[in-house]
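Q: If you scroll down you'll find the structure; I have some questions about it.
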Amino acid sequence: MTDFNELFCDNILNISTVGRDDTHVSDGVFAYEPTSYLVLDRMHEKGMFSDINLLVDYGCGKGRVPFYIAYYCERAAIGVESEDDFYKAAEKNRENFKLSGLVEFVHLRAEDYVVPDRADVFFFFHPFSEAALEKVLGNIEESYQRCRRRIRLIMYYMTAEYIKLMKNHPEYELISKTDCRDLFKNRDGRDFVFWYEKIS
C-alpha cells in the first residue's frame, strides 16, 4: 500500500497516524509503525472484529486501530500507550475524530494496565518483549477469572519467540493464521495475523 493510500485512509478518519518512528526503540520496545489499513481490512473481512464488546490495543501508538474499530465496526476501543509523545498524538487525533466517545487512550506501560472486565478482544502488533507479553497475558487471565467471557487475541507480525510463547499457553487455541504477505513487497515474510480464542 502506498503512502498516498495510507494518507487517504487517515483522511477519512480525520486522524494522522502515517509513518514509522524509531525514536523510542530500546531493549523490549520496538519502533512505532501503524498497522496497514489493508491488513486491518483483511482482518475485518476474516471476521476478527466481529462481535466485539471492547477491544484493547496494546502499544497503540497514535491510535489507528482504535479509530478503525470505532469507525468501521462502531464498537468501543481502548489504546494503551507508554510513550508520552505517541499518547499525546493519539489524544490529539481523538479531538478530531467524530466518534471520539467510542475511543479512549491510557498512558501506561502495557504490563501495568488493569484489564477492564468487559474487554474481550485484544490486539497486538509486535509491540513489546516476550516478558511484557507474558505479564499482559497474566493480566488478561486475572480479568477473566473475575468475569468469565469469550476472550480473543489478535496478533500481527509475530516473532518466532511470540509463537513459541503462545504454544506454552494451551488455554488459547489458534483459530486461524491469515497470510498478508501479498499486500507488501520486499518484507521479511512475517506478515501473518494469528487469531487465538481462550478455551480454558
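Q: For the range 38-69, what are the residues that are of a type in the set (Gly, Ala, Ser) and over 19 Å from residue 115 (Cβ atoms)? Talk me through it step by step, then tell me what you get.
A: Kept after step one, since they are of a type in the set (Gly, Ala, Ser), are these residues of the range 38-69: 47, 50, 59, 61, 63.
Scanning the range 38-69 gives 47, 50, 61.
Q: Could I ask something else about it? So is residue 93 surrounded by fewer than 16 Cβ atoms within 10 Å (Cβ to Cβ), touching a Lys or Arg at 6+ places or on another chain (Cβ under 9 Å) and at pLDDT 95 or above or not?
A: On the way: surrounded by fewer than 16 Cβ atoms within 10 Å (Cβ to Cβ): no; touching a Lys or Arg at 6+ places or on another chain (Cβ under 9 Å): yes; at pLDDT 95 or above: yes.
No; evaluated as a whole, the condition is false for this residue.
Q: Can you name the condition, by its number, that residue 118 falls short on among (1) buried (at least 18 other Cβ atoms within 10 Å of the Cβ); (2) part of a loop (DSSP other than H, G, I, E, B)?
A: That leaves (1) as the condition not met.
Q: Report, by residue number, each residue of the range 30-69 that is surrounded by fewer than 23 Cβ atoms within 10 Å (Cβ to Cβ), charged (D, E, K, R) and either part of a loop (DSSP other than H, G, I, E, B) or within 9 Å of the chain's Cα centre (by Cα) (or both).
A: 33, 46, 51, listed by residue number.
Q: Could you pull out the residue among 72, 87 that is more than 23 Å from residue 192 (Cβ to Cβ), at pLDDT 95 or above and assigned to a helix (DSSP H, G or I)?
A: Details: 72 fails: more than 23 Å from residue 192 (Cβ to Cβ).
Residue meeting the stated conditions: 87.
Q: Starting from residues that are surrounded by 13 or more Cβ atoms within 10 Å (Cβ to Cβ) and out of contact with any Asp or Glu (no Cβ under 8 Å at 6 or more places or on another chain), keep the ones in the range 126-140 and report whichever is nearest to residue 42 (Cα to Cα).
A: 126
Q: Sort out which residues of the range 126-137 are in contact with a Phe, Trp or Tyr (Cβ under 7 Å, 6 or more places away or on another chain) and either at pLDDT 95 or above or charged (D, E, K, R) (or both), and write them in order of number.
A: 130, 133, 136
Q: Do we find a residue being more than 15 Å from residue 194 (Cβ to Cβ) and of a type outside the set (D, E, K, R) anywhere in the range 120-129?
A: As a first pass, look at the range 120-129 and keep what is more than 15 Å from residue 194 (Cβ to Cβ): 120, 128-129.
Within this subset, residues satisfying the condition of being of a type outside the set (D, E, K, R) are 128-129.
Yes, because at least one residue in the range 120-129 is more than 15 Å from residue 194 (Cβ to Cβ) and of a type outside the set (D, E, K, R).
Q: So, one more: Which residues, counting only those in the range 91-111, are farther than 11 Å from residue 78 by Cβ, free of Cβ contacts under 8 Å to residues at least 40 places away in the same chain and either in contact with a helix residue (DSSP H, G or I) (Cβ under 9 Å, 6 or more places away or on another chain) or not in a helix (DSSP H, G or I) (or both)?
A: Correct list: 94, 99, 100, 101, 107, 109, 111.
The values are calculated or read from the model by the stated rules, or taken from the named source; none is laboratory data. Given the structure is predicted, the values throughout are model-derived calculations rather than measurements. Note: ideal-geometry Cβ built from the backbone for every residue, glycine included; neighbour counts use all protein chains shown.
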